[in-house]
Structure formats: C-alpha cells, structure tokens
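The values are calculated or read from the model by the stated rules, or taken from the named source; none is laboratory data. Only a predicted model underlies this, so the values are computations on that prediction, with no experimental measurement involved. Reconstructed Cβ throughout: ideal geometry from the backbone, glycine too, with neighbour counts over all protein chains shown. Please note that ligands, DNA and RNA were not included when accessible areas were found on the heavy atoms of the full protein model with its side chains. Shrake-Rupley method; radii C 1.70, N 1.55, O 1.52, S 1.80 Å.
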Amino acid sequence: MTDYQAMQAELVGDINAAPDLDALEALRIAALGKTGSVSALLKTLGSLSPDERQTVGPRIHGLREAVSDAIAGRKAALEAAALEARLATERLDMSLPADDAPKGSVHPVSQVMDELAEIFADMGFAVATGPEIEDDWHNFTALNIPETHPARAMHDTFYFPDANADGQKMLLRTHTSPVQIRAMMTQEPPIRIIAPGRVYRSDSDATHTPMFHQVEGLVIDRGIHMGHLKWTLETFLKAYFERDDIVLRLRPSYFPFTEPSAEVDVGYKQEKGRRIVGGHGDDEGHAWMELLGSGMVNRRVIANCGLDPDEWQGFAFGVGVDRLAMLKYGMDDLRAFFDGDLRWLAH
Ligand code: DAH
C-alpha cells in the first residue's frame, strides 16, 4: 500500500525547494499532469471496492489538494520574488545628473507675463483674469463702444454663431480691457490690477497674429490723475527694461473707454538692426516708438460698472506683451512666437 503521508511530504518538500517557475511547472506536471504520480493514484480509485474507496479515496484527494495548495503557494512566492528582482533592476537613480534628458523652457511670452506680474506686484497691483470667450457687453458696450461705434469695425472681431442665454452676442475678446469691467463690477475700490492674457483678432501678417497677448492695467481710487499714470508707466518700464534712462512721451489720442486718452511713446536707438529702448526720442540717433495706449478711465465706463464717477477716478493702460518681449529680447518676427519651433524656444 502507498504511504500517502511520505509521498506528500516528499512532493511538498520538492515543491517548496523549486528554484524557479519552470522547475515548479515540471513538478506540477510530474504530480498532477495527465500521467503524473498523483493523477495515477486517482485513476486507481475506479478499480477499488466501495469499502476500499471509502478509506483510500479521501487520502488520495487530500494528497492531491495538499500538492496543488503547495504549488499555488510556491508559485505566489516565486512570482513575488521575480517582481522584487525586476523592480530592483529597473530602479531609477534619481541622483544621476539629468544632462541628457530633454529639457523644457519657459516661453518668452510666459516669461514676460511673469516678469510683469512681479514688477506690478511690487507696486501693489494684483493679477486679475477674465474669460477669453466674452460677451459683447463686456468687450464693447460697457467700455463705451456702442453698436454703431467705428471701433467695433477696427477690432476685426471673431464672433460666435450663437448668442448666449441673455441674447448677448459672444466673441473671442479683442482686448484685455473687458477685465477692467469685470474688476470694477466685482471689487470694491480702491482697485489696482493688471490683467495679462490672450486676445484675438482676425488679422495675420509679420507683425499681426490672430491670437496675441496684452496686459491691461487699471487703477481706481479717489483723486487719481494723469501724473499717477505717467509715474506708474515710467516705473514699470524702467524695471522691465532694467535701465533708468527710459523717457516717455504722452501723445493725445482717442479711445472710447478713456478720456482724456494718451498714446505713450518711448525713446529708443537703432543698434545693429535692433531697437534698444532708452534715451530721449529727440536726441541725436534716437527716435520715438509707440508702445501703449492709456488714459483716464471714462466717467461713462465707471458709471456702467455701477460706481459713482464723482467719487472714483482712475487710469488704465493696455500694452502688447508680444511687442514687449520682442523689444527686450531682440526678436523681430512675431510669428516665430507661435510656431512652436523647439530650436527657437531653446535659443
Ligand atoms: N484696448 C486697447 C486696444 O486693444 C488698448 C488700450 C488703450 C487699453 C487705452 C487701455 C487704454 O486700457 O486705456 O487697442
């Protein structure tokens, strides 16, 4: 008669000593496979008498169960060990230098917007944002640009086919000025914000792209006048261009949302085909370059936002961020900003 106990002890011992999954599979086939030793025992059950089957059957089944349990246990242990080993070889050494790894860099436009936020933060300005998909009221009407105003035609607006729930025409904002409206509608004065962001106009050539960047500035307080505007712009431009000889010239101009309005020119000098900002525009070798639009916020705009224009005054300005980036970093084709050419970005 077979000593099932001894047979089980031997098989389980071999299984637990199996060095790898292949060896374990060979043991499984040798015991439980079609012609395996345990399978052979199971086959003998049919030829036993009912009495013998009563006593021997449970032992053989018990043996088979013990063997398959041992195989499952060993298999799990070997697989866990294999995973451990693989993880150990695949480990990344985070202390290795990353010289060969591909590197990203901050886009010049993003970099300039960060610089602007930092410079204006020092002057007490917070950063405000508004939606790029605007309604007609915020982008035009509230800014004192009524339906029939020629400035609407000048803006080459991208309109959406459908109006919003209030029957407002929807559009891609043509300037960052609607953020002025949103700031005055939601904040209690005094207000000091800049609003950098994307704007859109249906226009494209070497100096115009359908999407470009502006930064808007807005101050609303009591007793604000043009002197505050000029000082703020001068302080900002000196910090931005990192030089003290920035000279501004304010030229009377017209914007519907400011009154009076001024276009701001900055003195510069042409050097090696590049415009270097600085110096008095009327000096030898210098000239003036138009840089930004500005003015005292129009009383009607202040009233449109629910504020009393007799109590609150302010100034506003708007400037092209891409233009500022080109001037500071000596780049000449605006389109390169949006080509996504990695060599240009790395340079
Ligand atoms: N929104 C004007 C534009 O896109 C720029 C501008 C001019 C903004 C004068 C202002 C401003 O805030 O006071 O052409």
By average Cβ neighbour count within 10 Å, what is the ranking of 303-310, 260-267, 292-299, 52-59 from highest down?
292-299, 260-267, 303-310, 52-59
Cα centroid separation - the range 91-150 against the range 1-76, whole Å:
72 Å
GNM on the chain, C-alpha springs below 10 Å: top fluctuator among THR207, THR235, THR89?
THR89
Skipping prolines and chain starts, which residues have an amide H placed within reach, meaning under 5 Å, of the one on PHE158, given they are 5 or more residues away or on another chain?
LEU172, SER202
Amide H partners (placed H, <5 Å) of SER253, local residues excluded
SER261, ALA262, GLU263
Distance in nm between pseudo-label sites at SER95 and TRP344 (7 Å out along the Cβ direction from Cα):
4.3 nm
If you look for lysine pairs in the chain that are eight or more places apart or on different chains, how many of them have Cα atoms under 21 Å apart?
8
Working only with C-alpha atoms, what are the Rg and Dmax values of the range 4-89, expressed in angstrom?
15.6, 58
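For the chain, what does the accessible surface come to per residue with a 1.4 Å probe? Please give it in Å². It would help to have the intermediate numbers written out before the result.
Values: 19360 Å² over 347 residues.
Ligands and nucleic acids excluded, the result is 56 Å² per residue.
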To the nearest µm²/s, what D does Stokes-Einstein give for the range 171-213 at 20 °C and 1.002 mPa s, using the Kirkwood radius over alpha carbon pairs as Rh?
181 µm²/s
Geometric extent, Cα atoms of the range 283-347 - Rg, Dmax (angstrom):
18.9, 54
In a Debye calculation with equal point scatterers on the alpha-carbon sites of the range 108-345 and no solvent, what is log10 I(q)/I(0) at q = 0.09, 0.11, 0.12, 0.14 Å⁻¹?
-0.38, -0.58, -0.69, -0.94
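How much mean residue ellipticity at 222 nm does the chain get from its helices, if each DSSP H run of length 4 or more adds -39500 (n - 2.57) and you divide by all residues, to the nearest 500 deg cm²/dmol?
Details: 13 runs with 147 residues, N = 347.
That comes out to -13000 deg cm²/dmol.
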Charge dipole of the chain built from unit charges on the beta carbon (Lys, Arg +1; Asp, Glu -1), centred at mean Cα; most positive-end Cα among VAL67, ALA142, GLN180 is VAL67
